[in-house]
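Please find one structure pasted underneath; my questions will follow.
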Amino acid sequence: MEHEREQTAGIDLPAVWRLLDEREETWISLRRAFHRDPEILFEVNRTAARVAELLTGYGLEVRERVGRHFGKGVVGVLHGGRPGQTILLRADMDALPIREAAASDYRSEHEGAMHACGHDAHMAMLLAAAYGLASCRKRLAGTVLFVFQPAEEGAAPSPTDGVLRSGGRDLVEDGVADEASLAIAFHVWPWLPVGQMAVHRKEAMAASTHFQVVFRGRSGHHGSPHLAADALLMAAHFAVEARSAVSAAVDPLAPVAFAFGKLEAGTVCNAIAESAEVQGTYRTFEEDAVQRIRSLLERCAVACADRFGGTCELRFRMGKALINDGEAVKLALLAGERVFGAERVQVLDQPSMAGEDFAYYLDKAPGAMILIGVRNEERGIVHPLHHPSFDLDERALTLGAKLYVQLVADALAAP
């Protein structure tokens with residue numbers, strides 16, 4: 001196996017791995033710098049500029065302001081010495097609006113913003129891989145796209161058409177994946193010990209659709225409710241009725257998770273609310289169920305608004321299920337065995353109800369999302385994603401970079 005690994009695609013993999021090992025502290029420092037300076041959704045100007053600067057320093061062709069609607073993505077292009085396939089590797093750049101609880105020396109310097117989902121580590125791994133692969137570019141038979149996207153954690157209304165879009169959808173609509181023959185992304189996974197990896201056999205993550213409903217009524221005095229239209233009541237009825245309707249409308253054997261996250265209405269206790277807002281998500285795997293639930297929510301909102309004499313406006317960020325490709329999974333498992341060892345690689349059959357907009361890339365190219373273990377119980381690194389005390393074992397950074405290099409070498413060596 002050692003000889004086979006050394007000869008993959010003609011690349012001297014042990015030499016590249018030594019290069020990555022020698023600079024392990026660099027990758028850790030990069031991750032910590034990103035962690036200290038988190039940016040949310042599409043507001044990633046500092047992060048994107050730093051990524052572009054590093055990729056340029058590694059000798060890659062760099063495309064900035066990528067994205068049809070927001071223009072906040074960065075793509076590094078590594079052209080190999082010979083023609084071949086195009087491999088797309090993706091990392092996400094955005095953080096979450098979470099107040100960090102940890103007291104580490106790399107704690108977030110921005111109150112109320114935190115890399116609580118490991119995107120700082122995703123960037124460090126992919127930048128390290130770019131550095132390693134750039135060192136052997138002449139031996140590569142093909143092209144590698146290092147894609148850094150904003151807004152994986154949510155969406156914003158497009159400045160051109162008002163439709164809610166996530167960063168992955170924005171970049172894919174800009175054509176970033178059009179030439180790719182394979183697309184790969186990693187996600188740190190705090191349920192796996194550091195030094196292990198896993199990949200879902202097929203269904204990996206659910207189509208996570210976000211919805212926002214704004215009800216409009218007429219404010220009035222509590223003593224004259226007949227002269228007003230109570231938006232709070234519209235929202236309250238919608239919250240109860242929508243949940244009941246979804247439960248009755250979907251196949252009980254199909255996994256569906258539906259929940260509200262925000263309900264806001266009114267300004268004072270003794271005036272009828274003129275407006276109300278409800279936000280939530282629903283998650284499932286079948287495209288027809290995604291569309292059926294959307295239609296149901298639209299009808300339910302209109303009915304609740306009409307019943308109390310108001311109107312409503314709905315916005316959706318449509319989700320897409322992340323379905324791994326079978327051949328990409330085989331490639332991931334083989335590469336994982338070479339990097340981690342066969343006993344530290346798992347195949348998962350139970351999908352996650354979390355959502356990931358990497359699914360949009362897989363509309364354009366076969367691929368897979370791979371889960372990288374970052375848990376270390378002895379050091380208290382046990383908290384789940386999106387937790388204010390989330391952290392990770394940084395030994396995973398170099399391992400992730402090596403896995404990217406192995407995957408690219410194996411994919412470009414394939415006939």
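The values are calculated or read from the model by the stated rules, or taken from the named source; none is laboratory data. Given the structure is predicted, the values throughout are model-derived calculations rather than measurements. Heads up, the Cβs are rebuilt from the backbone with ideal geometry, glycines too, and the neighbour counts pull from every protein chain shown. For accessibility, only protein heavy atoms count, side chains too; no ligands or nucleic acids. Shrake-Rupley method; radii C 1.70, N 1.55, O 1.52, S 1.80 Å.
Going residue by residue through the range 299-306, is there one that turns out to be part of a helix (DSSP H, G or I), open to solvent by 70 Å² or more (accessible area, probe 1.4 Å) and either aliphatic (A, V, I, L, M) or at positive phi (or both)?
Yes: the range 299-306 contains one or more residues that are part of a helix (DSSP H, G or I), open to solvent by 70 Å² or more (accessible area, probe 1.4 Å) and either aliphatic (A, V, I, L, M) or at positive phi (or both).
Here is a check on your reading of the model: is Arg218 in contact (Cβ under 8 Å) with a residue 60 or more places away in the chain, open to solvent by 50 Å² or more (accessible area, probe 1.4 Å) and not assigned by the TED database to the domain that holds Gln350?
Against the criterion (in contact (Cβ under 8 Å) with a residue 60 or more places away in the chain, open to solvent by 50 Å² or more (accessible area, probe 1.4 Å) and not assigned by the TED database to the domain that holds Gln350), Arg218 qualifies.
Might you check whether a residue that is modelled with pLDDT under 95 and open to solvent by 10 Å² or more (accessible area, probe 1.4 Å) occurs anywhere in the range 69-78?
Scanning the range 69-78, I find no residue that is modelled with pLDDT under 95 and open to solvent by 10 Å² or more (accessible area, probe 1.4 Å), so the answer is no.
Hey, among Asp92, Asp120, Asp105, which residue is surrounded by 17 or more Cβ atoms within 10 Å (Cβ to Cβ), farther than 26 Å from Ser181 by Cβ and not aliphatic (A, V, I, L, M)?
Result: Asp120 is the single residue among Asp92, Asp120, Asp105 that is surrounded by 17 or more Cβ atoms within 10 Å (Cβ to Cβ), farther than 26 Å from Ser181 by Cβ and not aliphatic (A, V, I, L, M).
Could you list, ordered by first residue, the pairs with Cβ atoms under 9 Å in which the first is in the range 278-304 and free of Cβ contacts under 8 Å to residues at least 40 places away in the same chain and the second is outside any helix (DSSP H, G or I) and of a type in the set (S, T, N, Q), at least 6 apart or interchain?
Val302/Thr311
Quick one: Lys138 ticks every box in (1) surrounded by 20 or more Cβ atoms within 10 Å (Cβ to Cβ); (2) at pLDDT below 95 bar one, so which box is it?
Just one mismatch for Lys138, condition (1).
Starting from residues that are under 16 Å from Ile87 (Cα atoms) and open to solvent by 10 Å² or more (accessible area, probe 1.4 Å), keep the ones in the range 347-379 and report whichever is modelled with the lowest pLDDT.
This residue is Asp363.
Right, something else. How many of the residues making up the range 173-215 are among the β-branched types (Val, Ile, Thr) and either open to solvent by 50 Å² or more (accessible area, probe 1.4 Å) or under 30 Å from Arg338 (Cβ atoms) (or both)?
The number of residues fulfilling the criteria is 5.
Test Ala254 against the criterion of being of a type in the set (A, V, I, L, M), assigned to a loop (DSSP other than H, G, I, E, B), in the same structural domain as Cys269 (by the TED database) and surrounded by fewer than 22 Cβ atoms within 10 Å (Cβ to Cβ), and give yes or no.
So Ala254 passes the test.
Give me the pairs: first residue in the range 382-395 and open to solvent by less than 50 Å² (accessible area, probe 1.4 Å), second residue of a type in the set (Ser, Thr, Tyr), beta-carbon distance under 9 Å, and six or more apart or on different chains, which are they?
Asp391/Ser104
Now a separate question. When you scan the range 43-54, how many residues do you find that are in contact (Cβ under 8 Å) with a residue 60 or more places away in the chain, in contact with a helix residue (DSSP H, G or I) (Cβ under 9 Å, 6 or more places away or on another chain) and surrounded by fewer than 24 Cβ atoms within 10 Å (Cβ to Cβ)?
Going through the range 43-54 one residue at a time, the tally reaches 1.
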